[in-house]
Amino acid sequence: MAIDTLRGKVALVTGANKGIGLEIARQLAQQGGTVLIGARDAQRGEEAAQTLRQEGLDARFLHLDVTDETSIDAAARQIETEFHKLDILVNNAAVALDQAPPSGLEMEVLRTTYDTNVFGVFAVTKAMLPLLRKSEAGRIVNMSSGLGSLTQTSDPNWGFAGVNLLAYNSSKSAVNAITVQFANELRDTPIKVNAADPGYVATDLNQHRGHRTVQQGATAPVRLATLPADGPTGSYFDENGVVPW
């Protein structure tokens, strides 16, 4: 049964037509929010929104390609027209394309990874910020990864130290840096900006090799999306607490 803690609030989740993004959207809608399913593929996005509506949830497809500024601006205008504000932004859309060690990485793979994982996060956040400023308590959650932690990935004894994917890992480190910079700018406002590590979740991103469920992966980002007024900002969390930068 849905609870009403987010009644009247509007959330946008990018890359929400499947995987962790869809589950984050589901859990936010279960708290009574209106959730916009950001997706670049209209058919998949609408199907995902329909799936949630069949569960009795308020979910709507929003066409959004995070690598296309025209698409991003159009999405922001649509939210402005229909809702006049945005309460929650979850920057979830991401790709993982590395197939080689750092010395074998192709420049095009690095650029393509950054287009979605880094520049997409920046572009969407910047475009949606005027709408988030109209919220009484705006929340921005940037989906990071434990692989974005410089502390963890530089420790040869860390459990995932062997996952040496320069493009993906460094893109998530950049997401963490973006998180800190926006949080610093917005520290004296009601808007909170944090990074979430969902853990190693079985999704298309890793060919479903992860050992965690999407429900588990959504725990930290949903918690950060619904922080109270005295909650943290400019931090990096998994479901167990703070992750080292």
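Throughout, read-outs are computed from the coordinates displayed, never taken from laboratory work. Nothing here was measured: the structure is a model prediction, and the numbers come from that model. Because the Cβ atoms are built from the backbone with ideal geometry, glycine has one as well, and the counts that use them run over all protein chains shown.
Observations on the model:
- Under a model in which nothing but the beta-carbon of Lys, Arg (+1) and Asp, Glu (-1) is charged, the stretch 10-242 shows a dipole of about 300 debye around its Cα centre.
- Pairwise FRET efficiency - THR151 versus THR51, Cβ, R0 = 45 Å, nearest 0.05: 0.75
- In percent, rounded to a whole number, the relative contact order of the chain is 18, using alpha-carbon pairs under 8 Å and six or more apart.
- Degrees between helix 69-83 axis and first principal axis of the chain (Cα, 0 to 90, nearest 10): 30 degrees
- Radius 12 Å from Cβ of ASN142, net charge of other residues (Lys, Arg +1; Asp, Glu -1): +2
- If you wrap the stretch 1-57 in the convex hull of its Cα atoms and look at it from every side, the mean projected area works out to 3.3 nm².
- Förster radius 25 Å - calculated FRET efficiency between ARG111 and ARG44 (Cβ-Cβ, nearest 0.05): 0.50
- The smallest convex shape that holds all Cα atoms of the chain, its convex hull, gives 119 Å³ per residue.
- For the stretch 102-245, dividing the convex hull volume of the Cα atoms by the residue count gives 118 Å³ per residue.
- Put simply, when 68-74, 24-30 are sorted by average Cβ atoms within 10 angstrom per residue, most first, you get 24-30, 68-74.
- Label-to-label distance, nm, for residues given as THR189 and ALA74 (7 Å Cα→Cβ offset): 2.6 nm
- Across the stretch 72-155, the convex hull enclosing all Cα atoms gives 103 Å³ per residue.
- A dipole drawn for the chain from +1 and -1 charges on Cβ atoms has a positive end, and of SER171, ILE20, GLY104 the residue lying farthest that way is ILE20.
- Stretching the chain fully between THR81 and GLN215 yields a gain of 45.0 nm (0.36 nm per residue, less the alpha carbon separation).
- When you count the other C-beta atoms within 10 angstrom of each residue and take the mean per peptide, 151-164, 34-47, 83-96 line up highest first as 83-96, 34-47, 151-164.
- For the stretch 1-133, diffusion coefficient by Stokes-Einstein and Kirkwood Rh (Cα), 20 °C, 1.002 mPa s, µm²/s: 141 µm²/s
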